[in-house]
1. Whether any residue in the stretch 87-99 is outside the structural domain of LEU127 (by TED's automatic domain parsing), free of Cβ contacts under 8 Å to residues at least 60 places away in the same chain, polar (S, T, N, Q) and farther than 22 Å from PHE9 by Cα is what I want to check.
2. Yes or no: the stretch 32-40 includes at least one residue that is surrounded by fewer than 23 Cβ atoms within 10 Å (Cβ to Cβ), more than 22 Å from the chain's Cα centre (by Cα), free of Cβ contacts under 8 Å to residues at least 12 places away in the same chain and not in a loop (DSSP other than H, G, I, E, B).
3. Check ALA239, ALA251 and return the single one that is of a type outside the set (Asp, Glu) and touching a strand residue (DSSP E or B) at 6+ places or on another chain (Cβ under 8 Å).
4. Tell me, yes or no, whether the stretch 191-203 has at least one residue that is out of contact with any Lys or Arg (no Cβ under 7 Å at 6 or more places or on another chain), in a loop (DSSP other than H, G, I, E, B) and surrounded by 24 or more Cβ atoms within 10 Å (Cβ to Cβ).
5. Among (1) at pLDDT below 95; (2) part of a loop (DSSP other than H, G, I, E, B); (3) within 25 Å of GLY144 (Cα to Cα); (4) charged (D, E, K, R), where does ARG465 come up short?
6. For residues that are free of Cβ contacts under 8 Å to residues at least 24 places away in the same chain and either of a type in the set (Gly, Ala, Ser) or assigned by TED's automatic domain parsing to the domain that holds ALA317 (or both), scanning just the stretch 162-210, find the one that is farthest from ASP129 (Cα to Cα).
7. Does any residue of the stretch 62-74 turn out to be modelled with pLDDT of 95 or more, within 24 Å of LEU174 (Cα to Cα) and under 20 Å from the mean Cα position of the chain (by Cα)?
8. In the stretch 423-451, which residues are closer than 20 Å to PHE198 by Cα, under 14 Å from the mean Cα position of the chain (by Cα) and not polar (S, T, N, Q)?
Amino acid sequence: MLDTNIINFDTGTTTVNASEIEALAARLRGSVLEADDVSYDEARSVWNAMIDRRPGLIIRCAGASDVVHAVRFAREHKLLVSVRGGGHNIAGNAVCDGGVLIDLSQMRSVRVDPFVQRAWVEPGALLADVDKETQSFALALPTGINSTTGIAGLTLGGGFGWLTRKYGLTLDSLMTADVVTADGELLRASLTENSDLFWAIRGGGGNFGVVTAFEFQLHQVGPQVFAGLVVHPFTDAAAILKEYRRALENAPDELTCWVVMRQAPPLPFLSQEWHGKEVLVLAMCYCGDAEEGEKATAELRSIGAPIADVVGPNPFAGWQQAFDPLLAPGARNYWKSHDFTELADGAIDVLLEAIRRLPGPECEVFIGHVGGAAGRIATDATAFPQRSSHYVMNVHARWREIRMDRPCIDWARGLFEETRPYAAGTAYINFMPEDEVDRVEAAYGPNFQRLVEVKRKYDPLNFFRMNQNIRPTTEVRAA
């Protein structure tokens, strides 16, 4: 190893001696990677191909003690730090240029106790890891809809998907967490231990420390659910969205239905004539009894004259991976998102016009249907505040070629601005790109000031700043 120049807190550089890096490596069960290591490029690569940053040093952790050593090392040398779990965050905050990347991706253990219906999950685990282990016992954790997402970032920012209306957000099932704070101490956070920290990490993102273990309450789901897709021609979209809105007014908590509008991919159940044409897809899941699911989805499935209806009994773990092929790593991505308390006619008009001018075949808009159990929790019970939102819109620009950066980003930003008058004003931090630092305070609404106070207590130097950052009230700069 050689002496290494690493970005510090003050955006200057600090020279770290090779002997100090070697001493750190000797204390780890994991490893230290420099730019010439064979695993360096893999460790710095994340889901969004727009992110191409080169850390000065990567500390690949194998357990909580490695994280403690990594944080203490970076703090001692006053180095800029980013933390990587699954590497799926749209903003690419997992990777910093020139600083220290604390890599948790090798920490993927999932242990389930089916008798108490609990799971203990390490921060590098992906949703697929959690689903496979929990579904072995017909148990599940409410998470997202893309199985390659990391459990850590999803949980700390919220986490919603097919089970949210029945069992709440991912963070609502969190019972305890082990957290390495900015001073390099390992703390337990729960309702009875460091309760202020526990409140803050449930929605406050990675602002308060590195979680090295999550303990979740699980729920009885599966192994099969009643789920699938109903595909409609886009020419019918206006009427379908209004009927969709009406059909969900009295939907049971077990039923979730999302809307996807995009050009049709070459799905095996669609005739070739529809490939590449604009379509509206109703993606639905009923997480209870299959017979009840058929009844509960009947009204949604009776809307319009669909091109295809492939709703039926499906393995839950398989349904969790249904959208993975459309969200695989390697593409350039840019998102813009709004929360809606209702799907207004004006918003529908704007959305439909935007789909008529999609900039590319992988660009899409989805509308997530939430509420239910997640909406019956008090706004101040966790840091996550937007409990009254019933729909989440994600404008998902996705493309492959750099020359398409400007048209795709402009399309997403334009649609975001046009739908702003119909939005609730809050935002889901996991959907916020890196250029939305000005939205952080509004995203947390009435919970923001309390988050600032917790940040000041546990991280007064803003050591953990590569995130949707909550600054301490008085940000003390490192000397």
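1. Looking through the stretch 87-99, none of the residues is outside the structural domain of LEU127 (by TED's automatic domain parsing), free of Cβ contacts under 8 Å to residues at least 60 places away in the same chain, polar (S, T, N, Q) and farther than 22 Å from PHE9 by Cα.
2. No, every residue in the stretch 32-40 fails to be surrounded by fewer than 23 Cβ atoms within 10 Å (Cβ to Cβ), more than 22 Å from the chain's Cα centre (by Cα), free of Cβ contacts under 8 Å to residues at least 12 places away in the same chain and not in a loop (DSSP other than H, G, I, E, B).
3. One residue alone meets the criteria, ALA251.
4. Yes, because at least one residue in the stretch 191-203 is out of contact with any Lys or Arg (no Cβ under 7 Å at 6 or more places or on another chain), in a loop (DSSP other than H, G, I, E, B) and surrounded by 24 or more Cβ atoms within 10 Å (Cβ to Cβ).
5. Looking at each condition in turn, ARG465 falls short on (1).
6. SER195
7. no
8. Going through the stretch 423-451, the residues closer than 20 Å to PHE198 by Cα turn out to be 428-430, 440-441, 443-451.
Next, from what is left, pick out any that are under 14 Å from the mean Cα position of the chain (by Cα): 428-430.
Listed by number, the residues that qualify are TYR428, ILE429.
The values are calculated or read from the model by the stated rules, or taken from the named source; none is laboratory data. All values derive from a computational prediction rather than experimental measurement. Here Cβ is always computed from backbone atoms with ideal geometry, including for glycine, and neighbour counts include all displayed protein chains.
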